[in-house]
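Asks: Would you mind keeping the following structure in view while I ask a few things?
Values quoted throughout were computed directly from the atomic coordinates according to the rules given, and no laboratory measurement underlies them. Note that this is a predicted model, so its numbers are computed, not measured. Cβ sites come from the backbone with ideal geometry, for glycine too, and all protein chains shown count toward neighbours.
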Amino acid sequence: MAEFDAKVYVTLRPSVLDPAGVAVQSGIHQLGYPQVQQVRIGKYVELTVTASDRGAAEEQLTQICDQILANPVIEVYRFEIMERVSSS
């Protein structure tokens, strides 16, 4: 078994209105940065998973994202995965 570190990024689908992003963009404009055209707010999650290989770790992460980290109706996700290097 190996350990894998994963970084998961969850964002709203481009077709979904992001009221939090609109509010932040408004604040940015009020601070004097009108060149900011669009703000989208998302989630970032770090996980460590144990699996027999990279493929199994990716499968676990896909299931976790589909079942709990993202709402597939309105959100999309992507993840980066790296095998953890043991310090022995």
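Asks: Hey, could you grab the Kirkwood Rh for the chain? Inverse mean 1/r over distinct alpha carbon pairs, Å, one decimal.
Replies: When all Cα pairs of the chain are included, the Kirkwood radius is 15.0 Å.
Asks: If I stretch the segment between Gln35 and Ile74 completely, what's the gain in nm (0.36 nm per residue apart, minus their alpha carbon distance), one decimal?
Replies: Working it through step by step, the gained length comes to 11.3 nm.
Asks: Relative to the longest principal axis of the C-alpha atoms of the chain, give the angle of the C-alpha long axis of helix 54-64, reported between 0 and 90° and rounded to the nearest 10°.
Replies: Orientation of helix 54-64: about 50 degrees from the principal axis.
Asks: Give the calculated FRET efficiency between Glu46 and Ala23 to the nearest 0.05, with a Förster radius of 25 Å applied to their Cβ-Cβ distance.
Replies: Here the calculated transfer efficiency is 0.45.
Asks: If each Cα of the range 49-88 is one equal point scatterer, what is log10 of I(q)/I(0) from the Debye formula at q = 0.24, 0.31 Å⁻¹?
Replies: Each listed q maps to, in turn, -0.82, -1.08.
Asks: Let's test the formula: R0 of 30 Å, r as the Cβ-Cβ distance of Ser15 and Val85. What FRET efficiency results, to the nearest 0.05?
Replies: With a Förster radius of 30 Å, E is 0.15.
Asks: By how many degrees, between 0 and 90 and to the nearest 10, does the Cα long axis of helix 19-30 differ from the longest principal axis of the chain?
Replies: Here the helix axis deviates by roughly 50 degrees.
Asks: Per DSSP H run of at least 4 residues, take -39500 (n - 2.57); add these up for the chain, divide by its residues and hand me the 222 nm value, nearest 500 deg cm²/dmol.
Replies: Calculated at 222 nm, the ellipticity per residue is -8000 deg cm²/dmol.
Asks: Let me check against my output: what whole-number percent is the relative contact order of the range 1-50, with C-alpha pairs under 8 Å and at least 6 apart?
Replies: Answer for the range 1-50 is 60 percent.
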